[in-house]
Protein chains: 2
Amino acid sequence: MNVDFIAELQQQIGEKFVYLTPEKIDQYNFDGTDRPSNPYAIVEPETTAQVSTLMKLASKYKVPVIPRGTGTGLTGGALALNGGVVLSLLKLNKILSIDPVNMIATVQPGVITQELHKILEEKGLYYPPDPSSYDASCIGGNIAEDAGGPHCYKYGTTRDYILEMEVVLASGEIIRTGVKTRKGVVGYDIHDLIIGCEGTLGIVTEITIRLIPYPQKITTLLAFFPGIEDVVNMMAGLSKIRVVPATMEFLDAECLKLLKGRIQFTIPQDTNVLTIIELEGDNEHVDAQIEPIGEVCFENNGVDLFIADTSQKRNSIWTVRRQFREIIKETVKYKRAEDIVVPISRIPEFIQKSNAIAEKYNFVNYNYGHLGDGNIHCNMTSLEKTAETLERGTRAFTEIFHLTLALGGTISGEHGIGITKLPFVSLELSSESTRLQKEIKKIFDPLNILNPGKIFE
Amino acid sequence: MNVDFIAELQQQIGEKFVYLTPEKIDQYNFDGTDRPSNPYAIVEPETTAQVSTLMKLASKYKVPVIPRGTGTGLTGGALALNGGVVLSLLKLNKILSIDPVNMIATVQPGVITQELHKILEEKGLYYPPDPSSYDASCIGGNIAEDAGGPHCYKYGTTRDYILEMEVVLASGEIIRTGVKTRKGVVGYDIHDLIIGCEGTLGIVTEITIRLIPYPQKITTLLAFFPGIEDVVNMMAGLSKIRVVPATMEFLDAECLKLLKGRIQFTIPQDTNVLTIIELEGDNEHVDAQIEPIGEVCFENNGVDLFIADTSQKRNSIWTVRRQFREIIKETVKYKRAEDIVVPISRIPEFIQKSNAIAEKYNFVNYNYGHLGDGNIHCNMTSLEKTAETLERGTRAFTEIFHLTLALGGTISGEHGIGITKLPFVSLELSSESTRLQKEIKKIFDPLNILNPGKIFE
């Protein structure tokens, strides 16, 4: 611990914003992985000025600063690898304004995503990004990872809704990126560099988001299919009749086994894939789409179209879908999940070959997720967990990542790199692209104090 | 002229790809401004490898290279300021593949945007960005400027549809940016840095674009309003009934005077604003929206809702709208136009104050454009054009830019900075933001050979 740094920090921003006891530190010392983390202090400021002061002192004393929200991240981005201080942004948690004429809202990074959804919905407004963790994760974290979620199929990811930000740089300088209007092309797009940077280029302290009208009607359809090829054909069929659902989620055969007893309806015989198709739009529009979608499903061997048109029925479906990660976790000792993406047409090949990889390495593999985006959560699981299991898991996922890239995909669709995927980045990015990105890091953070050791080796 | 460079270039990529005669040079030596340009050669390669070779030699001999498409840019981005060679990308003009299952197309930068629209429409596919110049401008240029257009109101700008690119760097190195799938969060977003960089960070040689289904039905509504406040209220009313049109264009009172005789319908008395509201969607959906939109228009003092539901009627409207720049040009000697953006709620104040600025500087001011985005094309015009007019225009627009920024807007929504807006960039960007951006330029182009002298001073 750098005692001079801590003393000056306490003096400048106030003692009560700096936590040093092991109990307090433990409250902020985790994320969605089970990797270790060892900060020697937590700083939890209430203003941008305090964040700026922290970074000025961190620069002066060359202390690593690791920004975090609620710690739901799945790649270790919020963990302290080599001491330093964790910067909690949870007290910057206000919705500063909601402006229905300009269709924007200005919020602080610690706002919980689902709470923002609820408040906006009451006003007829919609901020679509909805990562599965959205009842716990916050906007700042969603920006750090460019979080996705089921509704990104129709609406795009977090990036697509972030108009303008206040960003504290490693030096403590405060800049604004982006513009508060829909369009703006003045200078280079450093705004999008900050989004998805996993807290390594700057600390987001204020955000203006873009809103759209909340849909008049939402209806959720469940459809079961014999095979994943049928679902891919169904999606092409929907494009042909010019229908874009809000979500196109799926659960594979292995997942269906776990579903039994957890959902209110029977899984039809000889079906191996469940899809969740949500429609959002005007009342007439949504109603008019159901029949043609049903036809396309049946043409592609779909059976038992179940229509959830009340919020209660819809919630029962989404609760199961959103908790699926936890549901798997409860039934196994070891679970490693990665959020790869492949082109739609290559999904059947990915499912088949990932299952073969699971068999080779003696895992049970659950594939589910955002089929419409090709964004598959691939889960290797085992009933035992030893050092050998972990090592075997790494070997299995090394093959999964090679497969993903061979199919024209990417090794992360929404979770980011953090530390867990860091060893695999060089499989995807060329050395020249990596060199440029590392040089960009040096511009923003020449002392390498902002979330060091993440994304790049 | 650097004769050693030219000789080695001719030898390495072939003489026929290098044009040196004044006649040939003149064919490529213009853009949408009337600024001078003085390249000593044009290079028009047919392959990415040739572009790479050009950049390697340009690096070796420190020769400026200015990439260009069809030269429709409005800020001087394609002009050679200090000799060097202009790189025409017009022979890289192939549509390489259209993939309706993955909803992507791969194209070269010289493809004309409207031609791509037409070919996609035949297949039921849609690439929405449609800058007014889209019958002449090409995808590469659209990417360089992050071009907008009327349909960006609903669908977003060029940036939102570019998934992956092949980019030749100043060094001649070839990298790929982005991913071919909808999601991807591996590393920093250098993809979006290249988009909108005005050809100063890299040369785009291949592009994978994202497609959506072409709408079943398109209907265009014309509505006239007494004042711009009525139109802003109408837009808020549409949001309340949760309607998002595809376009929300406007022409102001001064424009309406020019319209007389050019459109097939009468301009109602006491109206001062024309709006073009286009609806796109399923047949039932579009039809069902017309009546509620009409009601919201009438509630906000709208008169004479004209419905263009055939492609012939629609084309007659859009032809006038898209040619409006030329229509103004024909009637005046001097015209300077800038594409500022202000928040929706500040549009009436902008219109009023920009007219006051026009009066102060003795110009006739035409405001029109993409009202839904707050993206206004502000045109200062005069029946005479002397050095004094030009200088007076600069003073008027300096006030316009200050006004724009005071209203919370940005000085360019879709045309970029190039050279014409370069003196005003420091009004909008902070010195720290500018410093970071200049450092990024140095990483990508350490010798400052790629389109030098643009965007930043």
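Of note, B:LYS385 satisfies the criterion of being assigned to a loop (DSSP other than H, G, I, E, B), under 20 Å from B:ARG325 (Cβ atoms) and touching a residue at least 40 places away in the same chain (Cβ under 8 Å). Within the stretch B:84-99, can one find any residue that is in contact with a Lys or Arg (Cβ under 9 Å, 6 or more places away or on another chain) and β-branched (Val, Ile, Thr)? Within the stretch B:84-99, one or more residues are in contact with a Lys or Arg (Cβ under 9 Å, 6 or more places away or on another chain) and β-branched (Val, Ile, Thr). Candidates in the stretch B:285-329 are the residues that are within 12 Å of chain A (Cβ to nearest Cβ) and either in contact with an Asp or Glu (Cβ under 6 Å, 6 or more places away or on another chain) or more than 24 Å from B:TYR126 (Cβ to Cβ) (or both); of these, the one that is surrounded by the most Cβ atoms within 10 Å (Cβ to Cβ) is B:ALA288. Candidates A:GLY77, A:GLY141, A:GLY73: the one that is part of a helix (DSSP H, G or I), within 14 Å of another protein chain (Cβ to nearest Cβ) and touching a residue at least 40 places away in the same chain (Cβ under 8 Å) is A:GLY141. The residue of the stretch B:258-279 that is nearest to B:LYS217 (Cα to Cα), among those that are surrounded by fewer than 22 Cβ atoms within 10 Å (Cβ to Cβ) and within 26 Å of the chain's Cα centre (by Cα), is B:ILE263. Exactly one residue out of A:THR205, A:THR219 is polar (S, T, N, Q), under 16 Å from A:VAL296 (Cβ atoms) and part of a strand (DSSP E or B): that is A:THR219.
When only residues in the stretch A:144-158 that are more than 8 Å from chain B (Cβ to nearest Cβ) and over 11 Å from the mean Cα position of the chain (by Cα) count, which is farthest from A:VAL107 (Cα to Cα)? Among those that are more than 8 Å from chain B (Cβ to nearest Cβ) and over 11 Å from the mean Cα position of the chain (by Cα), it is A:LYS154. Applying the condition of being in contact (Cβ under 8 Å) with a residue 60 or more places away in the chain and away from chain A (no Cβ under 14 Å) to the stretch B:330-351 and asking which residue is nearest to A:THR181 (Cα to Cα) yields B:ILE351.
The set of residues from the stretch B:80-102 being of a type in the set (A, V, I, L, M), over 16 Å from B:ASP26 (Cα atoms) and not in a loop (DSSP other than H, G, I, E, B) comprises B:ILE95, B:LEU96, B:ILE98.
Each row is one residue, and each column tells you yes or no for (1) more than 10 Å from chain B (Cβ to nearest Cβ); (2) under 27 Å from A:LEU74 (Cβ atoms); (3) out of contact with any Asp or Glu (no Cβ under 8 Å at 6 or more places or on another chain); (4) surrounded by 24 or more Cβ atoms within 10 Å (Cβ to Cβ).
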| site | (1), (2), (3), (4) |
| --- | --- |
| A:LEU169 | no, yes, no, no |
| A:LYS180 | no, no, no, no |
| A:VAL186 | no, no, no, no |
| A:THR220 | yes, yes, no, yes |
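Taken over the stretch A:68-114, the criterion of being farther than 27 Å from A:SER37 by Cα and crowded, with 20+ Cβ neighbours inside 10 Å is satisfied by A:ASN102, A:MET103, A:ILE104, A:ALA105, A:VAL107.
Just one residue in the set B:LEU436, B:LEU427 is facing chain A (nearest Cβ under 7 Å) and free of Cβ contacts under 8 Å to residues at least 60 places away in the same chain; that residue is B:LEU436. If you go through the stretch B:233-267 and keep only what is in contact with a Leu (Cβ under 8 Å, 6 or more places away or on another chain) and in a helix (DSSP H, G or I), you end up with B:MET235, B:CYS255, B:LEU256, B:LEU259. Here B:ILE307 does not qualify as at pLDDT 95 or above and either outside the structural domain of B:THR33 (by TED's automatic domain parsing) or in contact with a Cys (Cβ under 6 Å, 6 or more places away or on another chain) (or both).
The values are calculated or read from the model by the stated rules, or taken from the named source; none is laboratory data. The model shown is predicted, which means the values in this text are computed figures rather than measured ones. Note: ideal-geometry Cβ built from the backbone for every residue, glycine included; neighbour counts use all protein chains shown.
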